Amino acid sequence: MEIDEQNTPAFTSSQIEDSPTISQTLKKIKNTYQGVISREWMSPVLPMLPSMVEVQEHLNKIDINITLPLMDDQYLTPAIKLLRTHFYFDKLPSTFIIEKESPDLGLILLPCLF
């Protein structure tokens, strides 16, 4: 899904310039190539993952039906992959995920002694 200019998030250029993606890419490239790398060559440049509220607002604006925080279920991986198409992050913060609680089985699993 492509985002048109009206739906792009309002992030500052300094947030994009400080992106680990840019710095990591430049470090790898400078050891092999000489010269200046044009910013236009590094496309697309994704903004850093903002707060959960800002992410939810952005997703709502572009009609992506994901509710944050995400449930830790079979839809978690596809949802994270979708978020990666809009934002840069190494690992999704744990605050973005609600883990399923396992039922407390307590004494049910203990062998019967009588």
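The values are calculated or read from the model by the stated rules, or taken from the named source; none is laboratory data. Since the model is a prediction, treat every value here as computed from it, not as a measurement. Here Cβ is always computed from backbone atoms with ideal geometry, including for glycine, and neighbour counts include all displayed protein chains.
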Reported set for region 68-91 where residues are of a type in the set (Val, Ile, Thr) and not in a helix (DSSP H, G or I) is Thr85
When residues of region 92-114 are limited to those that are at pLDDT 95 or above and in a loop (DSSP other than H, G, I, E, B), the one surrounded by the fewest Cβ atoms within 10 Å (Cβ to Cβ): Pro93
Determine, yes or no, whether Gln56 is surrounded by 10 or more Cβ atoms within 10 Å (Cβ to Cβ), assigned to a helix (DSSP H, G or I) and modelled with pLDDT under 95. no
